[in-house]
Amino acid sequence: MAASVPGSGVSDQHKGRRGCEHYDRGCLLKAPCCDKLYTCRLCHDNKEDHQLDRFKVKEVQCINCEKIQYAQRTCEECSTVFGEYYCSICHLFDKDKKQYHCENCGICSLFFIAQFKACRSLEEEVTADFLIGPKEDFFHCLKCNLCLALSLQGKHKCIENVSRQNCPICLEDIHTSRVVAHVLPCGHLLHRTCYEEMLKEGYRCPLCMHSALDMTRYWRQLDDEVAQTPMPSEYQNMTVDILCNDCNGRSTVQFHILGMKCTLCDSYNTAQAGGCRASLDQQ
């Protein structure tokens with residue numbers, strides 16, 4: 001006899017319907033916390049006042065024959081494939097997207113390699129190509145405590161347990177989120193979607209103010225604009241102390257309303273560290 005699912009949030013009209021908005025799968029998870037059936041932990045958590053522990057799931061129900069059985073990749077009754085990809089640890093059923101279980105991360109993840117164009121102007125729409133990478137294209141950084149593309153091995157800035165911090169934009173969890181994380185040059189993480197929204201308003205990391213992408217082309221454009229925009233005579237010999245957000249260096253430069261350029265790394269991502277003063281030539 002087919003198992004009934006009263007109070008589970010799954011109605012008769014959903015029988016045989018594969019998956020939900022979150023995952024493509026041919027089974028329902030039997031929540032060990034409340035014995036209700038849901039397509040995934042996210043669907044459960046959205047309906048209930050408690051969370052489903054994915055690691056404690058023991059049983060699933062086939063969407064076709066409705067047989068409740070031990071969690072496995074294929075239905076033992078009608079041979080329905082519950083998921084092209086199945087992890088017996090996380091009990092993740094889904095399409096094969098080259099996701100894999102990382103023992104150090106403790107969960108299954110889908111990783112992307114982000115390739116962003118250099119910024120030419122702040123008005124330019126910054127685009128990105130996200131390439132899905134298989135397990136062989138990634139390594140686990142023990143200090144950052146997350147998987148990164150092999151191209152970043154020995155070339156990224158490590159921040160202790162950075163993956164266990166919340167996204168500074170939306171303040172939501174990054175580690176267990178289904179939204180891909182983007183690694184900034186400074187080492188901080190943001191959700192990819194939050195990163196794309198951030199670039200519509202600015203170019204700096206919200207945590208440390210370091211440039212979030214390669215701004216070299218825009219800095220050279222700003223060089224030209226500064227050269228073509230002379231300051232009024234009363235400001236032409238004014239200098240100011242600045243702190244660079246990119247190299248953390250301090251320098252004294254000529255004041256300009258369009259921006260002050262770091263003399264150490266040529267970045268305009270700087271902050272004024274004092275008031276304007278006349279140059280020594282004027283004193």
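The values are calculated or read from the model by the stated rules, or taken from the named source; none is laboratory data. On a predicted model such as this, the values are computed, not experimentally measured, just so you know. No Cβ is skipped: glycine too gets one built from the backbone with ideal geometry, and neighbour counts run over all protein chains shown. Side chains are part of the model used for accessible areas, which takes the heavy atoms of the whole protein and leaves out ligands, DNA and RNA. Shrake-Rupley method; radii C 1.70, N 1.55, O 1.52, S 1.80 Å.
Here is a list: MET260, MET238, MET215, MET231. Which entry is more than 30 Å from ARG41 (Cβ to Cβ), touching a strand residue (DSSP E or B) at 6+ places or on another chain (Cβ under 6 Å) and open to solvent by less than 70 Å² (accessible area, probe 1.4 Å)?
Numbers: MET238 fails: touching a strand residue (DSSP E or B) at 6+ places or on another chain (Cβ under 6 Å); MET215 fails: touching a strand residue (DSSP E or B) at 6+ places or on another chain (Cβ under 6 Å); MET231 fails: touching a strand residue (DSSP E or B) at 6+ places or on another chain (Cβ under 6 Å).
When all the criteria are applied, what remains is MET260.
Residues that are modelled with pLDDT of 85 or more, more than 23 Å from GLY106 (Cβ to Cβ), in a loop (DSSP other than H, G, I, E, B) and open to solvent by less than 50 Å² (accessible area, probe 1.4 Å): does the stretch 179-194 have at least one?
Yes, the conditions are met somewhere in the stretch 179-194.
Pick out the one residue from ASP241, ASP246, ASP224, ASP214 that is closer than 24 Å to CYS186 by Cα, acidic (Asp, Glu) and more than 25 Å from the chain's Cα centre (by Cα).
Among ASP241, ASP246, ASP224, ASP214, only ASP241 is closer than 24 Å to CYS186 by Cα, acidic (Asp, Glu) and more than 25 Å from the chain's Cα centre (by Cα).
Restricting attention to the stretch 244-253, which residues are of a type outside the set (D, E, K, R) and touching a residue at least 24 places away in the same chain (Cβ under 8 Å)?
Step one: filter the stretch 244-253 for residues of a type outside the set (D, E, K, R), giving 244-245, 247-249, 251-253.
Answer for the stretch 244-253, where residues must be of a type outside the set (D, E, K, R) and touching a residue at least 24 places away in the same chain (Cβ under 8 Å): CYS244, ASN245.
Determine whether the stretch 111-131 contains at least one residue that is at pLDDT 75 or above and either open to solvent by less than 40 Å² (accessible area, probe 1.4 Å) or under 16 Å from GLU197 (Cα atoms) (or both). Talk me through it step by step, then tell me what you get.
Filtering the stretch 111-131 down to residues at pLDDT 75 or above leaves none.
Checked against the condition, which is being at pLDDT 75 or above and either open to solvent by less than 40 Å² (accessible area, probe 1.4 Å) or under 16 Å from GLU197 (Cα atoms) (or both), the stretch 111-131 yields no hits at all.
Can you list residue pairs whose Cβ atoms sit under 7 Å apart, with the first residue in the stretch 156-171 being open to solvent by 80 Å² or more (accessible area, probe 1.4 Å) and the second being not hydrophobic (A, V, I, L, M, F, W, C)? Count only pairs 6 or more apart in sequence or on different chains.
Going by the 7 Å Cβ cut-off, the qualifying pairs are LYS157/GLY187; GLU160/LYS143; ARG164/ASN145; ARG164/HIS175; ASN166/GLU172; ASN166/ASP173.
Does any residue of the stretch 150-160 turn out to be modelled with pLDDT under 85, more than 25 Å from TYR23 (Cβ to Cβ), of a type in the set (A, V, I, L, M) and touching a strand residue (DSSP E or B) at 6+ places or on another chain (Cβ under 8 Å)?
Yes, the stretch 150-160 contains at least one residue that is modelled with pLDDT under 85, more than 25 Å from TYR23 (Cβ to Cβ), of a type in the set (A, V, I, L, M) and touching a strand residue (DSSP E or B) at 6+ places or on another chain (Cβ under 8 Å).
Within the stretch 207-216, how many residues are in contact with a Lys or Arg (Cβ under 8 Å, 6 or more places away or on another chain) and closer than 15 Å to CYS265 by Cβ?
Narrowing the stretch 207-216 to residues in contact with a Lys or Arg (Cβ under 8 Å, 6 or more places away or on another chain): 210-212.
Adding the requirement that they be closer than 15 Å to CYS265 by Cβ leaves 210-211.
Number of matching residues: 2.
Please count how many residues of the stretch 68-102 are at pLDDT 85 or above, open to solvent by 70 Å² or more (accessible area, probe 1.4 Å) and part of a loop (DSSP other than H, G, I, E, B).
Keep residues of the stretch 68-102 that are at pLDDT 85 or above, which gives 68-95, 101.
Now restrict to residues that are open to solvent by 70 Å² or more (accessible area, probe 1.4 Å): 70, 73, 76-77, 79, 84, 88-89, 95.
Subset that is part of a loop (DSSP other than H, G, I, E, B): 73, 76-77, 79, 84, 88-89, 95.
Number of matching residues: 8.
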